[in-house]
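Student: Dropping a structure here in structure tokens format, bear with me for questions.
The values are calculated or read from the model by the stated rules, or taken from the named source; none is laboratory data. Everything quoted here is computed from the prediction, not taken from an experiment. Using ideal geometry, Cβ is built from the backbone for each residue, glycine included, and neighbour counts are taken over all protein chains shown. Quick note on the areas: whole protein, heavy atoms, side chains included, nothing else; ligands and nucleic acids left out. Shrake-Rupley method; radii C 1.70, N 1.55, O 1.52, S 1.80 Å.
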Amino acid sequence: MTSQVVDRVGHPPAGVREDSGGFDLSAPDGTRYRVDLGTGVLDPDNPLLAGYLGERRVVAFVSPTVDRLYGDRLRACLDTHVRPGQWSLHVIPTGEHHKTLAAAERVCALAKADGLDRHGVMLAVGGGIVADVIGFAASIYARGIRYIKVNTTLVGQVDVGVGVKTGVNALRTKNMFGAYHPAHASLNDPAFLATLPHREIRCGLAEIVKMAVILDEDLFRALERHPDAFRRRDGDSGDAPHSHGELETYILRTSMRLMMEELCPNLQEHELARLVDFGHTFSPVVETAGDHRLEHGEAVAVDMALSAHLARLLGLADGETCDRVVRLLRRIGLPVFDPGTCTPELMTQALRASWQRRGRKLHLVVPTGIGKAAFVEELEDVPAGVLTAALEALAADGGRHDA
Ligand SMILES: NC(=O)c1ccc[n+]([C@@H]2O[C@H](COP(=O)([O-])OP(=O)(O)OC[C@H]3O[C@@H](n4cnc5c(N)ncnc54)[C@H](O)[C@@H]3O)[C@@H](O)[C@H]2O)c1
Ligand SMILES: [Zn+2]
């Protein structure tokens, strides 16, 4: 640390630095934040959270499930680190339809009633929904106050927890209102994942497969060897699943680092061509037109499989690459086809909507190998016949029972 290069105003060079306890990000625009990764973050004798709370007043928020599983531990932790009368805890409803402006306003009202001023801190303990709502509330409360997120889901740890985005759904659009508001701290404890339902684990794995396909063949191979990562058990004795074995730590660390490195030069998304959008072109329509029957990660899996077939049919990837992507998703237990929404009409609409959103360029990310990807830039580059052929191939994949 002592010999680190610094610029004239004392900032370290832009980039992501990894150490045994997490990552420090320093963006070219001067934004700096840390993401911690370690176990026991709610243990009363763990100084990490206490260090971030300092002497501040704390208003904490959790979902009902997290309250049931971790509420007692959290209360004991706050009791240890925060003076009596200086902290409060509220349970807020979760689910996409509760991620609203009204929810953020209610959070602000609760904070105000508890006497939170601009020196205080909001604490979000939970998945992406709680983090997004509290982060957004913190970004507008008294023109922006500190918030800390303790991420308890796999999506929370590899995606929400490493970036600076907050938001709520509005005007029938996901994350319509939001802010780029870096957290004061982001704490990620893999031990939380032991209680996460398998469907939520699979959704997190979809985002991890995404990072592996576009950037890291070793990570992809690790997932091929262990498609049951985060769900493995020590024996058949009913032990808790492995959430922080060596393999899981490697997977978590690698995907967090890759994600942070991708976000770092483009924190506020001024550049609209983003590799991390792999799996995020068709998926919004799969999610919304399907009335959220599929979860986000599942829709991302369908999108990745479709994009892999497009890459194959456009001659950008070989058949083996496409097969490996689709096979891995299936072995993890993720869907690769959704008959209700994977129609030529809806998927053409999805392409057009992405094209609009991304400044009239398609910026469709497709794999060109495992660990490599490219952009398809123009709408005309995806002819209707190719899209239909890709969907037919996908339907065949989806109907196979060899996973
Ligand atoms: N801000 C960002 O950069 C960003 C990135 C990705 C996703 N998101 C958003 O995150 C949301 C999805 O987040 P999510 O996937 O974490 O889902 P979620 O927040 O809905 O959590 C899923 C469920 O798991 C429960 N839960 C949380 N931790 C648990 C644990 N340890 N054990 C058992 N149950 C637990 C929750 O109470 C909830 O019922 C979406 O709204 C998405 O838009 C935001
Ligand atoms: Zn996503």
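Student: What distance in nm separates the two pseudo spin-label positions at GLN356 and ARG143, each 7 Å out from Cα along the beta-carbon direction?
Tutor: 3.5
Student: I need the P(r) histogram for the range 208-303: all alpha carbon pairs, bin width 5 Å from 0 out to the longest distance, whole percents.
Tutor: Calculated over all Cα pairs of the range 208-303, the distribution is 2, 12, 17, 18, 19, 16, 10, 4, 1, 1, 0 percent.
Student: Still on this structure, I have one more. Please say if the range 15-195 is rounded, prolate or oblate, where rounded means a/c under 1.5 for a ≥ b ≥ c the square roots of the C-alpha gyration tensor eigenvalues, and otherwise the choice is prolate for a/b larger than b/c and oblate otherwise?
Tutor: It is rounded, given that a/c, with a ≥ b ≥ c, falls under 1.5.
Student: Take ARG83 and THR249, extend 7 Å from each Cα along the Cα→Cβ direction, and tell me the distance between the two endpoints in nm.
Tutor: Result for the modelled spin labels: 3.9 nm.
Student: As an exercise, identify the GluC sites (Glu not before Pro) in the range 312-403 lying in DSSP coil whose Cβ has no more than 13 other Cβ atoms within 10 Å.
Tutor: Values: sites: GLU320, GLU345, GLU377, GLU378, GLU380, GLU392; in loops: GLU377, GLU378.
Taking the range 312-403 and a limit of 13 other Cβ atoms within 10 Å, the loop GluC sites (Glu not before Pro) found are GLU378.
Student: What is the pair-distance distribution P(r) of the range 117-159, computed from all Cα-Cα distances in 5 Å bins starting at 0, with each bin given as a whole percent?
Tutor: All Cα pairs considered, the percentages come to 6, 27, 30, 19, 12, 5, 1.
Student: Here is a follow-up. Would you mind getting me the FRET efficiency between GLU345 and GLU271? Use the beta-carbon distance for r and R0 = 41 Å, nearest 0.05. Write out the running numbers ahead of the final one.
Tutor: Working: r = 31 Å, r/R0 = 0.75.
In this case the efficiency is close to 0.85.
Student: Using only Cα atoms, what is the ratio of the radius of gyration of the chain to 2.2 N^0.38 Å? Present the calculation step by step, with values, prior to reporting the outcome.
Tutor: Values: Rg = 21.3 Å, N = 403, 2.2 N^0.38 = 21.5 Å.
Expressed relative to 2.2 N^0.38 Å, the Cα Rg reads 0.99.
Student: Angle between the Cα long axis of helix 296-313 and the longest principal axis of the chain, 0 to 90 degrees, nearest 10?
Tutor: For helix 296-313, the angle is close to 30 degrees.
Student: Can you tell me the orientation of helix 246-263 relative to the chain, as the angle in degrees between its alpha-carbon axis and the longest Cα principal axis, to the nearest 10?
Tutor: 90
Student: Between ALA50 and ASP72, what FRET efficiency follows from the Cβ-Cβ distance if R0 is 22 Å, with the result rounded to 0.05? Spell out each step's value before the answer.
Tutor: Working: r = 18 Å, r/R0 = 0.82.
My answer for the efficiency is 0.75.
Student: Measuring from label point to label point, each 7 Å out along Cα→Cβ, what is the THR31 to GLU392 span in nm?
Tutor: Roughly 4.5 nm, to one decimal.
Student: Across the chain, how many lysine pairs, 8 or more apart or on two chains, come within less than 29 Å at their alpha-carbon atoms?
Tutor: Lysine pairs meeting both conditions in the chain amount to 21.
Student: In the range 112-184, what percent of the accessible surface is made up of carbon and sulfur (1.4 Å probe, ligands and nucleic acids excluded)? It would help to have the intermediate numbers written out before the result.
Tutor: Working: 1440 of 2700 Å².
Solvent-exposed carbon and sulfur of the range 112-184 make up 54 percent of the total.
Student: Ranked highest first by the average count of other Cβ atoms within 10 Å around their residues, in what order do 31-41, 136-146 fall?
Tutor: On the way: 31-41: 18.2, 136-146: 20.4.
So the peptides 31-41, 136-146, ranked by packing, come out 136-146, 31-41.
Student: Can you pull the Kirkwood radius for the range 269-311, inverse mean 1/r over Cα pairs, to one decimal in Å? Write down the numbers at each step before the final one.
Tutor: Values: mean 1/r = 0.0936 Å⁻¹.
With all distinct Cα pairs of the range 269-311 included, I get 10.7 Å.
Student: In degrees from 0 to 90, rounded to the nearest 10, what is the angle of the helix 64-81 Cα long axis to the longest principal axis of the chain?
Tutor: On a 0 to 90 degree scale, this one is about 40.
Student: While we're on this one: Against the empirical 2.2 N^0.38 Å scaling, what ratio does the C-alpha Rg of the range 353-403 come to?
Tutor: Details: Rg = 13.7 Å, N = 51, 2.2 N^0.38 = 9.8 Å.
The reported ratio for this selection is 1.39.
Student: Got the relative contact order for the chain handy, in percent, Cα pairs under 8 Å and 6 or more residues apart?
Tutor: Details: 719 pairs, mean separation 53.4, N = 403.
Over the chain, the number comes to 13 percent.
Student: Considering only C-alpha atoms, what is the centroid distance from the range 280-336 to the range 88-127, in Å?
Tutor: About 35 Å separates the Cα centre of the range 280-336 from the one of the range 88-127.
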